[in-house]
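Here is the structure we will look at.
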Ligand code: ARG
Ligand code: ZN
């Protein structure tokens, strides 16, 4: 296969022809679905002056059976078809094109376009799946109204869905029936959706702010009917929130969600017909953990919010992906913060971001929030586009303040409604309403990598001034050796070391209050605070006000002080993380040098006061008690020493458990309520605190702890508690207890794939060295299938991503296993293969031996006939 070529942002041009209205008829069949399309096409006005432009439509894996223009069939010489699409050299300036193609949904294991999942038909068109359905100008700047007729066997496919409103239905000969759907809103092809199957619905209603009634439906397979309550409640909350917070109202009379078992991502915002991975919509107290309940709430909101940020206003081209994703993630994060505990939401998001997105920035696939070229857009649904994109929008919100930010958002939605636009259009609205110069700020979109900020402070007693000096640099990333300074908003306070109070900030004669945002724009900049009454400890980057690494040479007592006193909840947590990191660093060094490990008593003392002073928000306390993850610790090291990190972190955990056993036990016991399960913030906080405490107790495996874990597993109150207990038993040395528990669990849940996924994950994340055999054994389990992305993520993804000591075994067997799976998935599902391989691409971060082993596996993968997805990632990794 010849090397696939990149697409460049700078090559953007409007299409030669655009579709204004699209009529589709699907005659569904597992092996041979017939798709008739009538496209109403016209020359794009911006390209009216060019003569003789050929019509070029995208198409992949389509078998063309007929083609006509304005009712006139084309002769074979009048058009060409290749593996990329269809070309008709001579066409009128305005015409309609009729095509009929045959496609094979059953053979579609890539899960893009039209495919089958458990016998039901469904679609995934973003980014470029529509071209696997019919020949089309498959690009987001072509927006058309759609009218879709779905024909299927009435007995096996009683439900036939598409975007918009159903306008006609009826019976057809041969036991078939049909439904015609009309979507009055112009949309790009990536928002098209079709679902057909034996589905049941749960229905509810929502009255919009202007008093319109919207019917809400969640469609699932019959056995899942009892698992939709939380998604429905979340949807209604999200609809209300978007009205109240952003002034956005829903625009159709019907909003549908469908749960699908085989799905590459979390969910998809198709107009009026959101399609969800069943893992991101189904919940039940007995089958889903608190984390899943919260994820479902977030994803339901995310997809719903896309109706404005994505659908009504969409992207001009795929380089602008973060225009809709970054903004929508920011919106869903704000929603979750508002309806749950805001500080916990922020801590969770940042903790994940600093581990996973920083790692992406530090690896070979680093890219800006708006990349300037790609080979396969499917590879760009990344933490950088989504999460860093959201951080950039959050910085805009900080820079403008909420009022102006909301005005900018209103202007954006009204000015660009029904259009496909760019990131400049969005930021332009923010600049216009605020009068701010956001020119330098735009570098956040074009420059890849994690900026690093060094902070240094000096208090002058005689003059009562405090000078804060900040220096920024962004390390080189592939293709971007030199970086320019960014505009970085740093929210901060100066905490009086005696009083523990935030001191008033006066900068250049201006009083800023006790908590303020300062603007770092230069490579190095000094800020002189005056009238600083006492020596302060700086609290910097509060709330993680910018996606940067902030270094300040804190002493341990200063961190203990901030952990206890900082008025910013997020920075209290962060001070604890920094304190733990210092202790862990010492122990990593001790492990490497083979000297005795000694626990830092200051960390023990800090934890003791956390455990004994009552804290209102238990979920925040739970977060404060969680040590930095192995992955996060690894991010802080120049060369990752997998074993030393594991040993050091385990030692800290055990030392804390030994020193504070009674305190942890008291916390456990104070938080075991038997109130009926509810996914409410308070209960969730209690459960997480209790389970964190149990985790510490199980780290030393004393009899009492083991007994509590066993009892918690047996009590079966809810999946959160059951899973926590089963994980702790399975990860302990008590296999005599874990084995029967795992067996009982599997027997009970054999027919619930989402629960079996948890069963896989629990086992493959065991730290014990025999786990690799378990991984191989489980891959043969009847509940496992390489064709289902959830199974692959739960088993292979969890092993490679969460079991660091075993994935990085020194004999290379962990790497080999991953490469074997990636090679198989390259044929079955290229998008999943390209995601799964990522841990191997980070080889440069490890020691020479591991580097060699990882590279060898990448080279082995490279020998295969690679999909463009995998080709792009492997080339980046090996260059
Ligand atoms: N737009 C979807 C969402 O974030 C994700 C679609 C992903 N598609 C893909 N081919 N990776 O809500
Ligand atoms: Zn999205």
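List of remarks:
- Index of the failed condition, residue 688 passing every other in (1) within 25 Å of the chain's Cα centre (by Cα); (2) outside any helix (DSSP H, G or I); (3) under 28 Å from residue 651 (Cβ atoms): (2)
- Residues being in a helix (DSSP H, G or I) and over 21 Å from residue 347 (Cβ atoms) - total across the stretch 557-607: 14
- Matching residues, the stretch 360-379, being part of a helix (DSSP H, G or I), surrounded by 21 or more Cβ atoms within 10 Å (Cβ to Cβ) and within 15 Å of ligand 2 (Cβ to nearest atom): 378
- All positions within the stretch 804-845 that are within 26 Å of the chain's Cα centre (by Cα) and either in a loop (DSSP other than H, G, I, E, B) or modelled with pLDDT under 95 (or both): 808, 829, 837, 842
- Verdict on residue 167 being surrounded by fewer than 23 Cβ atoms within 10 Å (Cβ to Cβ), in a strand (DSSP E or B) and out of contact with any helix residue (DSSP H, G or I) (no Cβ under 7 Å at 6 or more places or on another chain): yes
- So residue 87, is it surrounded by 18 or more Cβ atoms within 10 Å (Cβ to Cβ) and more than 16 Å from ligand 2 (Cβ to nearest atom): no
- The listed residues are 180, 134, and the only one of them that is away from ligand 2 (no atom under 16 Å from the Cβ), surrounded by fewer than 24 Cβ atoms within 10 Å (Cβ to Cβ) and either part of a strand (DSSP E or B) or in contact (Cβ under 8 Å) with a residue 40 or more places away in the chain (or both) turns out to be 180.
- Flag for residue 235 being touching a helix residue (DSSP H, G or I) at 6+ places or on another chain (Cβ under 9 Å), farther than 28 Å from residue 117 by Cα, within 16 Å of ligand 2 (Cβ to nearest atom) and assigned to a helix (DSSP H, G or I): no
- With respect to the conditions (1) in a strand (DSSP E or B); (2) closer than 30 Å to residue 792 by Cβ, residue 86 lacks only one, and its number is (2).
- Subset of the stretch 458-474 (residues that are assigned to a loop (DSSP other than H, G, I, E, B) and surrounded by fewer than 16 Cβ atoms within 10 Å (Cβ to Cβ)): 461, 462, 463, 464
- Pairs meeting the criteria (first residue in the stretch 364-387 and within 11 Å of residue 834 (Cβ to Cβ), second residue in a loop (DSSP other than H, G, I, E, B) and within 15 Å of ligand 1 (Cβ to nearest atom), beta carbons under 6 Å, at least 6 apart or on different chains) are lacking.
- Taken over the stretch 257-276, the criterion of being within 13 Å of ligand 1 (Cβ to nearest atom), within 20 Å of residue 217 (Cα to Cα) and surrounded by fewer than 22 Cβ atoms within 10 Å (Cβ to Cβ) is satisfied by 266 alone.
- Close contacts from the stretch 286-312, counting a first residue that is in contact (Cβ under 8 Å) with a residue 60 or more places away in the chain and under 24 Å from residue 184 (Cβ atoms) and a second that is more than 12 Å from ligand 2 (Cβ to nearest atom) and in a loop (DSSP other than H, G, I, E, B), with Cβ to Cβ under 6 Å and a gap of 6+ residues or different chains, come to 308/248; 311/271; 312/417.
- Some residue of the stretch 324-333 being at pLDDT 95 or above, more than 12 Å from ligand 1 (Cβ to nearest atom) and surrounded by fewer than 19 Cβ atoms within 10 Å (Cβ to Cβ): no
- Yes/no for residue 129 being within 16 Å of ligand 2 (Cβ to nearest atom) and in contact (Cβ under 8 Å) with a residue 12 or more places away in the chain: yes
- From the options 135, 130, 95, residue that is within 14 Å of ligand 1 (Cβ to nearest atom) and more than 17 Å from residue 262 (Cα to Cα): 130
- Residue check: residue 299 meets all listed conditions (1) more than 12 Å from ligand 1 (Cβ to nearest atom); (2) surrounded by fewer than 24 Cβ atoms within 10 Å (Cβ to Cβ); (3) under 16 Å from the mean Cα position of the chain (by Cα) but one, namely (1).
- Just so you know, in the stretch 407-424 the residues that are under 27 Å from the mean Cα position of the chain (by Cα) and without any contact (Cβ under 8 Å) to a residue 40 or more places away in the chain include one that is farthest from residue 320 (Cα to Cα), and it is 408.
- Consider the stretch 308-318 and keep the residues that are surrounded by 24 or more Cβ atoms within 10 Å (Cβ to Cβ) and more than 11 Å from ligand 2 (Cβ to nearest atom). The one that is farthest from residue 374 (Cα to Cα) is 308.
- Checked against (1) surrounded by fewer than 17 Cβ atoms within 10 Å (Cβ to Cβ); (2) assigned to a helix (DSSP H, G or I); (3) free of Cβ contacts under 8 Å to residues at least 60 places away in the same chain, residue 245 meets all criteria but (3).
One line per residue, one yes/no per condition, for (1) crowded, with 19+ Cβ neighbours inside 10 Å; (2) over 24 Å from residue 504 (Cβ atoms); (3) in contact (Cβ under 8 Å) with a residue 24 or more places away in the chain; (4) touching a helix residue (DSSP H, G or I) at 6+ places or on another chain (Cβ under 7 Å):
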{"site": "522", "(1), (2), (3), (4)": "no, yes, yes, no"}
{"site": "537", "(1), (2), (3), (4)": "yes, no, yes, yes"}
{"site": "541", "(1), (2), (3), (4)": "yes, no, yes, no"}
{"site": "544", "(1), (2), (3), (4)": "yes, no, yes, yes"}
{"site": "551", "(1), (2), (3), (4)": "no, yes, yes, no"}
{"site": "577", "(1), (2), (3), (4)": "yes, yes, yes, no"}
{"site": "582", "(1), (2), (3), (4)": "no, yes, yes, yes"}
{"site": "587", "(1), (2), (3), (4)": "yes, yes, yes, yes"}
{"site": "593", "(1), (2), (3), (4)": "no, yes, no, no"}
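The values are calculated or read from the model by the stated rules, or taken from the named source; none is laboratory data. This one's a predicted model, so the numbers in the text were calculated from it and none came from an experiment. So basically every Cβ, Gly included, is an ideal-geometry build from the backbone, and we count neighbours across all protein chains shown.
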